[in-house]
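The values are calculated or read from the model by the stated rules, or taken from the named source; none is laboratory data. Note that the structure is predicted; figures quoted are calculated from it, not measured. Neighbour counts are summed over all protein chains in view; Cβ atoms, including those assigned to glycine, are modelled from backbone coordinates with ideal geometry.
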Amino acid sequence: SQASIPLMMQAEQADIPVIAFDSGVEDSDVPVTTAATDNKAAAALAAKRMAAEIGDKGEVAIVAHDQTSVSGINRRDGFVQYMKQHTPGVEIVDIQYGGGDPLESTDLAKSILQAHPGLDGIFGTNEGSAIGVVNAVQELGKDGDLSVVGFDSGAEQINAIKSGLMTGAITQDPIDIGYQTVKAAVAVINGKEVPPVIHTDYYWYDKSNIDNPEIQSTLYR
């Protein structure tokens, strides 16, 4: 998103309104508004579900996709803040950053699991991170020993949830993101004011609701 700032500034200089969506653009006031998932709230829901799965106590860790993007920061912080505020019996023992790369995330998750053999859960903050965690759990023979919660979807993550390897995940709503982005653009063109941030829908999905039409429409494979 940082790479787009010079182009957005050109648009601004030409009096062309810029509408951002999805990850947003940190440290830029050029976009009139940003249509995106409330990643802090969504990650808090992931934390709530994991806490319930492990009985509101134990040790958990995070494999995040990065610590620089808006989504990476907010998903990490939303998860951490929920656990600290609502589940004092849960301790976050490690946070690692794998760049969203499944292979790197696998290695990081394996290191975490080896350092904390009694770990109760790991949160992967995007598809690549979550798949890395699943791979690590399988490679170390820890299937069923801990709760794995992810973010986004993709065929591997969907299969892991259906098979029981993962507890569940958060899915964004790409249809709503697109709709709200276009709606905001039309409003701005017509001279109407829009809020600086438009929060779009997100959902928790697991084995119990993954086949519901409302959930299916938000998942990609």
Report summary line: A careful count of residues in region 48-69 that are within 11 Å of the chain's Cα centre (by Cα) and either small (Gly, Ala, Ser) or more than 28 Å from residue 117 (Cα to Cα) (or both) gives 1
Query raised in the report: Which of the residues that make up region 151-168 are out of contact with any Lys or Arg (no Cβ under 8 Å at 6 or more places or on another chain) and within 18 Å of residue 56 (Cα to Cα)?
Result: 166
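Can you find even one residue in region 93-104 that is aromatic (Phe, Trp, Tyr), modelled with pLDDT of 95 or more and not in a helix (DSSP H, G or I)?
yes
Being of a type in the set (A, V, I, L, M, F, W, C) and either assigned to a loop (DSSP other than H, G, I, E, B) or touching a residue at least 40 places away in the same chain (Cβ under 8 Å) (or both) narrows it down to one residue among 80, 63; which is it?
Values: 80 fails: either assigned to a loop (DSSP other than H, G, I, E, B) or touching a residue at least 40 places away in the same chain (Cβ under 8 Å) (or both).
Result of the check over 80, 63: 63.
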Report task. Taking only region 39-60 into account, find how many residues are surrounded by fewer than 17 Cβ atoms within 10 Å (Cβ to Cβ) and part of a loop (DSSP other than H, G, I, E, B). Result -> 3
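Yes/no matrix, rows are residues, columns are (1) under 23 Å from residue 202 (Cα atoms); (2) outside the structural domain of residue 130 (by TED's automatic domain parsing); (3) basic (Lys, Arg); (4) surrounded by 15 or more Cβ atoms within 10 Å (Cβ to Cβ):
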residue: 64; (1), (2), (3), (4): yes, no, no, yes
residue: 71; (1), (2), (3), (4): yes, no, no, yes
residue: 86; (1), (2), (3), (4): yes, no, no, no
residue: 90; (1), (2), (3), (4): no, no, no, yes
residue: 98; (1), (2), (3), (4): no, no, no, yes
Query raised in the report: Taking region 186-202, which residues are outside any loop (DSSP other than H, G, I, E, B) and touching a helix residue (DSSP H, G or I) at 6+ places or on another chain (Cβ under 6 Å)?
Result: 198, 200, 202
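Yes/no matrix, rows are residues, columns are (1) surrounded by 18 or more Cβ atoms within 10 Å (Cβ to Cβ); (2) in a loop (DSSP other than H, G, I, E, B); (3) outside the structural domain of residue 82 (by TED's automatic domain parsing):
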| site | (1), (2), (3) |
| --- | --- |
| 128 | yes, no, no |
| 131 | yes, no, no |
| 137 | yes, no, no |
| 143 | no, yes, no |
| 150 | yes, no, no |
| 153 | yes, yes, no |
| 156 | yes, no, no |
| 180 | yes, no, yes |
| 184 | yes, no, yes |
Query raised in the report: Among the residues of region 141-152, is any free of Cβ contacts under 8 Å to residues at least 40 places away in the same chain, over 30 Å from residue 211 (Cα atoms) and over 20 Å from the mean Cα position of the chain (by Cα)?
Result: no
Query raised in the report: So residue 11 fits all but one of (1) small (Gly, Ala, Ser); (2) assigned by TED's automatic domain parsing to the domain that holds residue 191; (3) touching a residue at least 24 places away in the same chain (Cβ under 8 Å); what number is the exception?
Result: (3)
